[in-house]
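The values are calculated or read from the model by the stated rules, or taken from the named source; none is laboratory data. Please read all numbers here as calculations on a predicted model, not as lab measurements. Here Cβ is always computed from backbone atoms with ideal geometry, including for glycine, and neighbour counts include all displayed protein chains.
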Amino acid sequence: MALVTLTIDNRKVSAEEGQNLLQVIREQGIDMPTLCHLDGLSERGGCRLCVVEEEGSSKLLASCVTAVRENMRVTTGSDRLFRYRRMLVELLFAERNHVCSVCVMNRRCELQSLALRFGVDHLRYDPLYPRLSTDVSHEKYALDHNRCVLCARCVRVCDEVEGVHTLDMMGRGVSCRVIADLNQPWATSRTCTNCGKCVQVCPTGAMYIKETFSAHGEKRPDLPKRIRDGREKHTWGG
Amino acid sequence: MAKKTVTIDPVTRIEGHGKITFQLDEQGRVTRARFHVTDFRGFEKFCEHRPFWEMPDITSRICGICPVSHMLASAKAGDAILGVHVPPAAHKLRRLIHWAQLVQSHALSFFHLSAPDLLLGMESDPQERNILGLVAKYPGVAKDGIRLRQVGQEIIRVLGGKSVHPSWAVPGGVQSPLKPEKVDSLQALVPEALEIVDRTLDLYREKIEAFSTDLEHYGDFPSLYMGLVTPDGGLEHYDGVLRVMDAGGKILEKGARPETYRNIFSEEVESWSYLKFPYYKSLGPEKGLYRVGPLARLNVCDRAGTPRADRALEEFGRWKKDGRPVSGSFHMHEARLIEILFSLEKIAETLSDPHITDTHVRSHAGVNGRAGVGVIEAPRGTLFHDYLVDEGGLVQEVNLVVASGHNNLAMNRTILQIAQAFGNGTEITEGFLNRMEHGIRIYDPCLSCSTHVVGRHGLKMEFLGPSGDLLRSFELL
């Protein structure tokens with residue numbers, strides 16, 4: 001496979017053609033924040049936390065959906081990028097009702113970790129406080145829209161790994177929701193296999209095993225990659 | 001002299017924010033006194049549509065002093081929705097954490113909030129009349145108070161994982177058992193705590209003589225009393241049946257099932273307070289005034305059920321007049337100490353139970369009942385959590401009846417009594433204001449969720465003319 005050479009944070013780097021920038025950045029040991037990205041799933045470019053600056057362009061690039069190019073020069077960390085990432089996290093908190101203290105994923109939540117990382121101790125934007133529902137119809141799992149950040153990990157794992165595509169998104173902007181089948185109570189879905197992969201990859205407390213209590217949720221975001229590796233490469237890492 | 005209204009806002013050294021107003025007539029006599037609760041929390045509303053299994057975590061945030069009581073009342077309401085038998089070890093552990101909370105909460109009320117008045121004097125310098133003043137003049141007492149509170153908090157921490165807002169009791173039981181290696185260390189906390197309570201009771205009995213002329217003015221009036229008792233009439237804080245007693249000691253409700261509380265009392269709403277006004281239904285709002293909390297619990301029970309507490313309870317009987325239940329709210333201070341004694345004895349007894357470390361501590365089930373009532377004797381009195389859920393377990397209606405609400409009518413009656421006894425109509429002294437506040441403090445009302453704001457707000461007093469115009473206003477720290 002052809003190699004390309006690029007510069008990341010003033011370091012010359014070689015990468016395989018077709019690789020995305022995020023992969024290469026992480027191979028360099030750079031701690032790039034992400035939320036919608038998950039190893040083993042297709043890229044979505046939704047959360048924009050992995051944005052980088054490219055020399056010669058005023059536009060920020062989401063590194064997860066940007067292919068490496070010959071001679072590109074990118075910066076992964078700057079004051080400007082930090083400000084944007086912090087703003088993105090604040091906007092995620094402002095959009096729905098994230099009450100960490102009573103959330104199943106308190107202290108294990110990826111959104112909460114990002115808030116800590118970017119020093120979000122208050123919001124500069126008025127929260128929308130939408131009145132959202134919780135779907136508790138499923139026998140085992142709950143979907144609390146209040147805590148959903150629309151990363152679509154659940155939608156992708158359901159489609160790409162489990163292969164049933166029970167979950168999808170409906171609506172646009174602030175009206176966007178994760179839905180089961182044709183926007184019906186989860187328990188009535190005829191396609192859901194009850195596998196629970198959606199729950200395991202959800203970065204927040206939006207999807208969780210019912211009757212899990214605050215700060216007691218545990219997730220397995222490594223599952224998609226493990227399953228794929230087992231299926232495609234016949235390697236079964238622990 | 002024109003009619004005036006005097007306002008004390010906020011009332012300090014209580015949990016939450018409230019204010020007192022009283023109306024003076026032309027002669028300067030107090031004609032009406034009101035305790036206003038100015039906090040608005042809205043828990044009953046925003047809990048709607050949340051899954052019922054989240055309720056112990058959410059409702060424990062009502063209060064930073066008694067989160068354990070809310071957690072347990074909520075978990076018990078959840079038990080009823082699940083319709084399961086909670087494992088015996090879980091019941092024992094829940095009792096254990098609740099007694100620990102009684103210890104720490106009562107210690108806070110007695111030592112941190114009220115002891116400055118009791119030991120330094122109602123009319124002492126307000127700059128020193130606080131826990132720091134107590135540390136300066138009575139370092140041993142202050143240290144005892146802090147240690148006693150620490151003992152309670154430590155037991156809560158070991159059982160629940162953290163001392164404030166533990167996430168531990170759940171519908172069907174508790175989340176984690178007590179580790180066997182922790183039993184001895186918890187048991188070791190009890191003897192020192194018992195010694196503290198013994199010497200504090202001695203000190204209190206000595207100091208109360210200085211208040212002998214005051215006692216009858218601090219909420220000493222006939223009323224009903226309500227509290228949980230064990231089925232055979234013993235002192236109870238976690239389960240049992242509801243007992244209502246009248247001012248003469250006659251039992252009006254012998255052993256009502258707590259979930260029938262709506263048949264026992266009703267609530268009125270007044271426009272001037274966010275706190276509701278419950279009363280004993282059969283007698284109506286006027287005659288149905290009842291008190292809950294430490295005094296009521298000691299009045300309604302036949303016995304405590306532990307050796308030291310029973311002896312202290314017998315001595316407490318000296319305040320009875322003509323064989324009637326103890327009617328002076330001032331005696332809540334002593335009642336709290338007796339309850340700490342009882343709680344410590346029960347903690348020691350429960351920790352000695354060989355089954356306390358059983359690992360089966362939670363029963364699982366789906367939604368088997370649409371309604372659940374959880375009742376518990378919180379430090380300040382009987383606490384009800386009443387939920388209605390849909391078929392999936394989402395809460396549709398919430399009714400929380402908290403202890404401070406039960407005592408609302410009594411608190412209003414108490415401050416009127418104090419104002420009439422100590423107000424001379426012409427001069428409002430600092431000591432008078434503090435007596436008014438102490439009238440509220442004896443009930444230890446828990447108006448919001450924490451004492452973190454202690455000292456941030458001063459005592460505000462306003463004189464209002466007959467038409468409501470502000471005549472005078474001043475603020476004290």
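The residue that is surrounded by the most Cβ atoms within 10 Å (Cβ to Cβ), among those in region A:67-82 that are in a strand (DSSP E or B) and of a type outside the set (S, T, Y), is A:V74.
Looking across region A:185-238 at every residue that is more than 19 Å from A:V149 (Cα to Cα) and within 14 Å of chain B (Cβ to nearest Cβ), the one that is surrounded by the most Cβ atoms within 10 Å (Cβ to Cβ) is identified as A:E211. Against the conditions (1) surrounded by 19 or more Cβ atoms within 10 Å (Cβ to Cβ); (2) closer than 21 Å to B:L96 by Cβ; (3) away from every other protein chain (no Cβ under 14 Å), B:V174 satisfies every one except (3). Count of region A:120-166 residues, restricted to those that are within 14 Å of another protein chain (Cβ to nearest Cβ) and of a type in the set (G, A, S), is 3. With respect to the stated conditions, B:E267 fails to be more than 14 Å from chain A (Cβ to nearest Cβ), farther than 30 Å from B:A80 by Cβ and not polar (S, T, N, Q). The set of residues in region B:417-432 that are surrounded by fewer than 24 Cβ atoms within 10 Å (Cβ to Cβ) and either modelled with pLDDT of 90 or more or closer than 26 Å to B:S109 by Cβ (or both) comprises B:Q417, B:Q420, B:A421, B:F422, B:G423, B:T429, B:E430, B:G431, B:F432. Of the residues making up region B:277-315, those that are surrounded by fewer than 19 Cβ atoms within 10 Å (Cβ to Cβ) and in contact with a Gly (Cβ under 9 Å, 6 or more places away or on another chain) number 5.
Among helices (runs of 4 or more DSSP H) entirely within region B:47-107, having at least 3 residues that are within 11 Å of another protein chain (Cβ to nearest Cβ) singles out B:55-59, B:67-82. On inspection, B:H165 qualifies as at pLDDT below 95, within 23 Å of the chain's Cα centre (by Cα) and within 14 Å of chain A (Cβ to nearest Cβ). Among the residues of region B:365-408, those that are part of a loop (DSSP other than H, G, I, E, B), in contact with a helix residue (DSSP H, G or I) (Cβ under 8 Å, 6 or more places away or on another chain) and over 16 Å from B:I62 (Cα atoms) comprise B:A365, B:G366, B:V367, B:N368, B:G369, B:R370, B:G393. When you check A:E90 against the structure, is it within 12 Å of chain B (Cβ to nearest Cβ) and acidic (D, E), yes or no? No, not satisfied.
Out of A:V89, A:V52, one residue alone is out of contact with any Asp or Glu (no Cβ under 6 Å at 6 or more places or on another chain), surrounded by 21 or more Cβ atoms within 10 Å (Cβ to Cβ), outside any loop (DSSP other than H, G, I, E, B) and not assigned by TED's automatic domain parsing to the domain that holds A:P221. It is A:V52. Within the span defined as region B:115-129, one or more residues are at pLDDT below 95, assigned to a helix (DSSP H, G or I) and either surrounded by 24 or more Cβ atoms within 10 Å (Cβ to Cβ) or within 14 Å of chain A (Cβ to nearest Cβ) (or both). In region A:104-119, the count of residues that are within 14 Å of chain B (Cβ to nearest Cβ), touching a helix residue (DSSP H, G or I) at 6+ places or on another chain (Cβ under 6 Å) and of a type outside the set (D, E) is one or more. Note on region B:274-295: residues that are among the aromatic types (F, W, Y) and either modelled with pLDDT of 90 or more or in contact with a Pro (Cβ under 6 Å, 6 or more places away or on another chain) (or both) total 3. Among the residues of region B:240-257, those that are closer than 22 Å to B:A73 by Cβ and either in contact with a Lys or Arg (Cβ under 9 Å, 6 or more places away or on another chain) or among the β-branched types (V, I, T) (or both) comprise B:V241, B:L242, B:R243, B:V244, B:E253, B:G255, B:A256. Restricting attention to region B:366-416, the residues being crowded, with 24+ Cβ neighbours inside 10 Å, among the acidic types (D, E) and out of contact with any Phe, Trp or Tyr (no Cβ under 8 Å at 6 or more places or on another chain) number 0.
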